[in-house]
Each structure stands twice: as structure tokens, then as C-alpha cells.
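Any read-out appearing in this document is the output of simple, stated calculations on the displayed coordinates, not a laboratory observation. Because the structure is a prediction, the values reported are computed rather than measured. Here Cβ is always computed from backbone atoms with ideal geometry, including for glycine, and neighbour counts include all displayed protein chains.
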Amino acid sequence: MCQDCQEVIEKLQIDIEHLFETLNIQDNVDRRLICLSLLGYTPSEIAEITFSTSDAIRSRLAKRISPRLENLMKVDSLRGNWTRILNFLLDRENGYRLDLPPLPETTFFSSMSMGGKFLLNRNEIDSLTRIGATESYSLGLHYQASELLYDIWQQEKQQFNSGDPEVLIYLQNCLIERNKKQLEQDEVE
């Protein structure tokens with residue numbers, strides 16, 4: 001198993017081998033692209049890691065990987081929306097989430113978007129930072145929220161050797177909101 005696959009299992013708790021089997025992905029390059037994308041790398045960053053071009057990465061994702069994911073998820077178009085893919089894979093009902101033991105002493109509070117729930121954290125050390133991120137997001141201060149969420153991710157990686165994947169989902173949502181005008185101008189849905 002490649003190092004990137006192992007990282008997806010450890011950090012995101014996703015049964016990546018089951019996903020590859022379902023999608024019939026046998027090519028190691030495609031497997032690595034999926035793993036790096038799930039871990040939050042952009043096509044440009046993946047190109048640097050794999051010694052390729054960002055256009056080649058985007059093309060391969062669009063032509064070889066996205067159609068299979070769209071079929072699996074029963075959606076018309078994903079257009080590189082890895083947050084949506086990650087949410088699908090983390091939903092226990094879809095069968096790709098590993099059943100690892102629950103994190104101890106978790107607490108919930110209203111989240112940043114759509115009335116969901118947001119885990120405070122594994123040991124409540126950065127609870128105030130999470131609350132600050134949530135408040136910043138709800139006030140439309142997406143830059144500040146993204147900075148706080150990035151700090152949380154870094155702290156968790158340092159302390160637990162992995163970060164809470166939920167933090168990455170909210171971080172990506174902040175980045176989308178921050179860049180919404182530019183995305184609309186570029187006609188990205």
C-alpha cells in the first residue's frame with residue numbers, strides 16, 4: 001500500500017482500498033491522485049509532488065477519476081468538488097468510513113453552516129479556537145475563520161499525528177466562501 005493511501009486511512013479514516021475496488025481503480029497513478037486530492041492537495045501541488053503538470057493532473061482527474069466518482073455517488077457533475085466527495089466517503093451509511101473507536105469526550109455545538117454539528121475536539125484544548133472559527137464564519141469573516149481552522153489542523157497534526165478531517169471540510173468551505181466572487185466570475189458551480 002502506498003504511503004498516500006496509508007495517510008488517507010490514518011488521517012481521514014476512509015477505507016481507500018474498498019473505494020479503489022468499487023471504482024475499479026488499479027492504476028497506481030490514479031490511486032495516488034485520488035489519495036492526494038482527498039488529503040486536500042490542489043492539482044498544482046499534486047503536479048509538483050508527482051513531477052507532472054497541473055493541466056495533466058486536471059485532465060486525468062476529469063477524464064479518468066471524476067466520471068467513476070460521479071457514477072458511484074449518482075450525481076451529474078462533481079467538477080473537482082473534493083469536499084462533496086469527502087463528505088460522501090465519510091458518511092458511514094455509504095460504507096467507506098472505517099469503524100475506528102470514537103474520540104473520547106467530544107462535545108457538539110452548532111456549526112458554521114446549515115445547522116450541522118461541529119466536534120469541539122479530542123481533548124478540548126483548542127475549544128476556544130474552534131468557537132472563534134465558528135463565530136468568525138457566522139459573521140462572514142471567512143479569512144479569519146480559515147486562519148483559525150488552519151491553526152487547529154496544525155495543532156492536531158502536531159499533537160495527535162493526524163488532524164480531524166471535519167476541520168478540513170470546514171476549512172475548505174471557508175476557502176470557497178472567501179473566493180466565491182471569483183468562482184462566480186469564472187462560472188464555477
In nanometres, the difference between 0.36 nm per residue of separation and the alpha-carbon distance of Q26 and E187 is 54.6 nm
Amide H neighbours of R97 at under 5 Å, excluding residues fewer than 5 places away on the same chain, with H built from the backbone geometry, are D15
At R0 = 30 Å the Cβ-Cβ FRET efficiency linking K74 and S138, nearest 0.05, sits at 0.40
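What's the extension gain from S59 to Q6 if we count 0.36 nm per residue and subtract their Cα-Cα distance?
Length gained, S59 through Q6: 16.6 nm.
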For region 81-91, in residue order, the Karplus 3J(HN,Hα) values (coefficients 6.51, -1.76, 1.60; θ = phi - 60°; whole Hz; Gly and Pro = x) are 7, 6, 5, 5, 5, 4, 4, 4, 5, 7, 6
Among the Cα-Cα pairs of region 11-64, the proportion with separation greater than 18 Å, in percent, is 29
